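**Q** For reference, the structure I am asking about is given below.
The values are calculated or read from the model by the stated rules, or taken from the named source; none is laboratory data. Remember, it's a predicted structure, so these values are computed and weren't measured experimentally. Note: ideal-geometry Cβ built from the backbone for every residue, glycine included; neighbour counts use all protein chains shown. Only protein heavy atoms, including side chains, enter the accessible area calculation; ligands, DNA and RNA are left aside. Shrake-Rupley method; radii C 1.70, N 1.55, O 1.52, S 1.80 Å.
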Amino acid sequence: MMSSHRQGHEEFPIESKDPVLRVLHWIMRGAAYVLAIAMVGVIVEGVISVIYELYRSLVTKPFFLVPDIVPIFGGFLAVLIAFEIFANITLYIRSDVFPVKLVIATALMAISRKIIVVDMGEYSALDLLGVAAVVIALGATYWMVSRVDQGPGIRAGSRGKC
């Protein structure tokens with residue numbers, strides 16, 4: 001019997017009646033644990049890298065010029081994105097539900113990082129319009145998912161009948 005504390009559907013229920021699916025779901029959960037451990041390694045390496053780059057900028061001439069800040073910001077943001085990915089993995093492990101809203105938020109953070117560190121000279125106007133379209137689409141999707149998460153008072157299709 002499924003535990004009553006879980007809400008929503010489970011992506012990989014380990015209590016499946018089918019023994020083959022149960023084994024496959026255990027393997028998928030194991031893979032999620034491996035990814036979580038690997039992501040911790042990536043985060044630690046990222047933090048060490050950012051600290052090292054910050055240290056190098058502080059001790060070499062010219063000392064900590066503004067142009068050196070942008071790559072360091074990019075490193076900080078990359079580590080924060082890794083934290084978000086780790087949160088996605090651990091939320092999945094705890095609940096067996098794919099965290100759609102958190103994935104969208106992570107994508108928004110990743111595209112925001114790209115915008116912050118982008119060298120405008122490297123991209124055409126069409127490339128930048130594409131990035132803008134992605135930001136708008138992700139923002140709208142996040143807003144819609146947030147509205148659905150607010151509860152039963154706001155439902156998809158509540159404005160009118162089809």
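**Q** Of the options Ala132, Met109, Ile69, report the single residue whose Cα projects farthest towards the positive end of the charge dipole of region 21-136 (beta-carbon charges: Lys, Arg +1; Asp, Glu -1).
**A** Selected residue: Met109.
**Q** Still on this structure, I have one more. Determine the order of Asp149, Asp127 by accessible area, beginning with the largest, at a probe radius of 1.4 Å. Walk me through the numbers on the way to the answer.
**A** On the way: Asp149 95, Asp127 75 Å².
Greatest to least solvent exposure: Asp149, Asp127.
**Q** Students sometimes get this wrong: rank Phe86, Phe76 by accessible area, probe 1.4 Å, all chains present, largest first.
**A** Values: Phe86 60, Phe76 100 Å².
Result, largest first: Phe76, Phe86.
**Q** Which length gain, in nm to one decimal place, applies between Ile69 and Lys101 when the Cα-Cα distance is subtracted from 0.36 nm times their residue separation?
**A** Stretched fully, the Ile69-Lys101 segment lengthens by 8.5 nm.
**Q** I've got another one for you. Taking amide H atoms as placed 1.01 Å from N in the peptide plane, list the residues 5 or more away in sequence, or in a different chain, whose amide H sits under 5 Å from that of Phe98.
**A** The list, which skips near neighbours in sequence, is Glu11.
**Q** Starting from 0.36 nm per residue, how many nanometres of slack lie between Ala31 and Ala132 once their C-alpha separation is accounted for? Walk me through the intermediate numbers first.
**A** Values: separation 101, 0.36 × 101 = 36.36 nm, distance 3.43 nm.
Full extension from Ala31 to Ala132 adds 32.9 nm.
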